[in-house]
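The values are calculated or read from the model by the stated rules, or taken from the named source; none is laboratory data. Keep in mind that this is a model prediction, so the values were computed, not measured. For neighbour counting, all protein chains shown are included, and Cβ atoms are generated from backbone atoms with ideal geometry for every residue, glycine included.
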Amino acid sequence: MTAEYKVNGDVAVITLANPPVNGLGLATRQGITEGLAKAQADDSVKAIVITGAGKAFSGGADIKEFGTPKALQEPNLLSVIAAVENSAKPVVAAIHSVCMGGGLELALGCHYRVVAPGTSIALPEVKLGLLPGAGGTQRLPRVLGVETALNMIVSGEAVKSELLAAAPGQKLFDKVAASPGSLMDEAISFARSVAGQGAALPRVRDLPCKHPQGDAYFGFARNMVKGMAKNYPAPVKCVDAVEAATKLKFDAGMAEERRLFIELMMTPESSALRHLFMAERAASRIPDVAEDTPKREIRSVGVIGAGTMGGGISMNFLNAGIPVRILEMKQEALDRGVATIRKNYESQVKRGKLKQDKYDERMALLSTTLNYDDLRDCDLVIEAVFEELGVKEAVFKELDRVAKPGAILASNTSTLDVDKIAAFTQRPQDVVGMHFFSPANVMKLLEVVRGKETAKDVLATVMALAKKIKKTAVVSGVCDGFIGNRMIEQYSRQAGFLLDEGATPEQVDKAMEKFGMAMGPFRMGDLAGNDIGWAIRKRRATERADMKYSRTADKLCELGRFGQKTGAGWYDYQAGKRDAIPSPVVVELIEKHRKDEGITPRQIADEELEQRLVYALVNEGAHILEDGIATKSGDIDMVYLTGYGFPIWRGGPMHYAGQVGLYNVAESMRRFARNPRDDGKFWEPAPLIQKLVAEGKSFD
Ligand code: T1G
């Protein structure tokens, strides 16, 4: 049982004990109802207190149980709350730390609530594509008022207990304890004070729930929410559920909430958001690196290179209060880099995103040098120099000479072989890839590239450091392009072939933006610079002659059309503007290219455009799993959601493939393999996909 029962004089205390956050899984729910039954049967018990052990009162329903029979098994959460509410003896919730979702709904079923200051109170279900499904939409408005409750339910954001307790007329908390330390004593003495009064026990469900201008208010709220959450059905249903609380009797309102909750539980958006909640947390776990692996202390960081990447990388550490020393070859490069960092902070101060004193603090942590010897005390050095192995070799040889023993030496390389880089030093076990995505101080994704010799404590240190600098870190093995770029390569190849076959850049981009990508492949190329892909293709032409591409991208670059930075790429751009204008030059280039290749263009439906690009990610992602470059499909999803603008409500390419059905995905791939233009090899469904289809499974 994961709820303890203990009698303290004439008060029974039920303590949820399901670490880490007292998720209300089946065993915990059983523990509560059994404790309640014992308390009812024990005449010496006059009142009951429910609380949570450890770092939470309760983080809500056990998300890990969703989709399993346990989630619905009695006593389900509604039954538990009914048992609390119908107790003949007063039940007092002693709330501390975190009280969220089903945890708050459980507290709302109690007759009284005593809360410690500083407690985070939330109904965050909307962030999982759901709504509070155990009475939250019906009870919270009754104790906080309709508008405050609706704001909390639609936003899912946590509010501190003392703020809510200070709201005029609130009935959520009967008492705020002096401190978290005195909570239990105060809750137990409060329970004694309300015991044996004989009068009917106060129940939230009996409170009135009205809004003076209901129709107008909910109409306005519904329109606002619809506008903000166009790809997510949950927020609007939150409005519907709270409106039901003002229009229906309690039990009818509960039935309406249940109906809406079950509807949302079945949506692909909720499936995606729940997948991501778990995948984001799972990404920080490395299968063969124990969670308690000792971590090296990172008190100061060296960054080599003060360019766009070096500056952005430095800001991440300055923001986390970690001193940074930037090294460059020339003073003017240093000055330019520091000026860019300063300008970035100043614009944040201007926009009210950063306080002046914080800005000053961060700049005070920044130092610069032209001399490698000044990096000798750094615990971590990250190089962000020119993407060429010879340059990396010079840097790592110098680092090997000056860095102190135990310093972690990281490369920000996006395509080079981390094992080769490690081999430039006598300490390959201390070398790791830390691949930031531009702009490095903004993009959440950090690919942590694990070399053959990278030590486990180096990995554990970097993963913990990533959390500290608010990055989503995903471990990748060493291969060309790691996880993200290896997959985007196939995505871009298909985009090029689609131009050969009859599509325009604009048609492909629009199809992918309709799918939900932040930016289509051609607009993305114009933003990042088409010359980057051009250089990679040139390098690959010798290393990987098997990799065929459409020649259109090269022909575009031969015209110097690198994208926004040259004022023209796949699209034309007006000076100082970012609007992508379809270019007659590009249309002519593509048409001429088709003639040269003897291709008769065909009309291509958006569905094929979308499938060719998204399934290219899926097939390459499957190979990445087969090669052990990524250890979990959820990691690949996290890479695409935090680094490549994949739509969150689809859960990432691998989760999305499961939603479509791997059988259907494989059939589409086989259809593409029959396309005479294709080299046939790529579209053979990866063996892992074929295996999962045979077993009727998905990647998740
Ligand atoms: N169920 C199961 N596990 C949970 C969990 C939950 N509700 N919340 C957290 N965990 C795990 C998490 O996976 C991780 O474990 C560990 O706890 C620490 O999490 C009917 C249906 C509570 C504020 O949405 O917001 O109630 O993956 O790293 O930063 O209406 O976790 O490492 O093994 O986030 O201290 C509604 C979600 C559920 C709250 C703690 N509740 N959780 O933050 O730790 S639906 C939520 C959080 C519901 C009812 C509906 C945060 C936290 P592992 P962490 P943290």
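So here's what we get for this one:
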{"quantity": "Any hit, region 24-36, residues being touching a Gly at 6+ places or on another chain (Cβ under 8 Å) and buried (at least 24 other Cβ atoms within 10 Å of the Cβ)", "calculated": "yes"}
{"quantity": "Residues that are surrounded by 21 or more Cβ atoms within 10 Å (Cβ to Cβ) and out of contact with any Asp or Glu (no Cβ under 8 Å at 6 or more places or on another chain), drawn from region 154-170", "calculated": "V154, S161"}
{"quantity": "Considering residues of region 563-572 that are modelled with pLDDT of 95 or more and touching a Gly at 6+ places or on another chain (Cβ under 7 Å) only, the residue farthest from P521 (Cα to Cα)", "calculated": "G569"}
{"quantity": "Meets criteria (assigned by TED's automatic domain parsing to the domain that holds R677, under 30 Å from V442 (Cβ atoms) and touching a residue at least 24 places away in the same chain (Cβ under 8 Å)) for G628", "calculated": "no"}
{"quantity": "Odd one out for P202, checked against (1) surrounded by fewer than 16 Cβ atoms within 10 Å (Cβ to Cβ); (2) under 38 Å from the mean Cα position of the chain (by Cα); (3) assigned to a loop (DSSP other than H, G, I, E, B)", "calculated": "(2)"}
{"quantity": "Criterion violated by P180 - all others in (1) out of contact with any strand residue (DSSP E or B) (no Cβ under 8 Å at 6 or more places or on another chain); (2) within 16 Å of the ligand (Cβ to nearest atom); (3) closer than 30 Å to A234 by Cα satisfied", "calculated": "(3)"}
{"quantity": "Boolean, K127 is of a type in the set (K, R) and more than 11 Å from the ligand (Cβ to nearest atom)", "calculated": "no"}
{"quantity": "Matching residues, region 9-27, being over 20 Å from I188 (Cβ atoms) and either more than 16 Å from the ligand (Cβ to nearest atom) or under 28 Å from the mean Cα position of the chain (by Cα) (or both)", "calculated": "N18, P19, P20, V21, G23, L24, G25, L26"}
{"quantity": "Given (1) within 24 Å of G181 (Cα to Cα); (2) away from the ligand (no atom under 14 Å from the Cβ); (3) of a type in the set (K, R), index of the condition K38 fails", "calculated": "(1)"}
{"quantity": "Failed item in (1) surrounded by fewer than 24 Cβ atoms within 10 Å (Cβ to Cβ); (2) out of contact with any Pro (no Cβ under 8 Å at 6 or more places or on another chain); (3) outside any loop (DSSP other than H, G, I, E, B), with R113 passing the rest", "calculated": "(1)"}
{"quantity": "Strands (runs of 3 or more DSSP E) wholly inside region 347-430 that include at least 3 residues being crowded, with 16+ Cβ neighbours inside 10 Å and either among the charged types (D, E, K, R) or under 32 Å from the mean Cα position of the chain (by Cα) (or both)", "calculated": "380-383, 408-411"}
{"quantity": "Search result, residues across region 258-310 that are under 18 Å from I636 (Cβ atoms) and either of a type in the set (S, T, N, Q) or part of a loop (DSSP other than H, G, I, E, B) (or both)", "calculated": "S271, S284, R285, I286, P287"}
{"quantity": "Region 260-319 - residue that is within 10 Å of the ligand (Cβ to nearest atom) and of a type in the set (F, W, Y) and, of those, nearest to L365 (Cα to Cα)", "calculated": "F277"}
{"quantity": "Residues of region 38-81 satisfying the condition of being within 23 Å of the chain's Cα centre (by Cα) and hydrophobic (A, V, I, L, M, F, W, C)", "calculated": "A56, A61, I63, F66"}
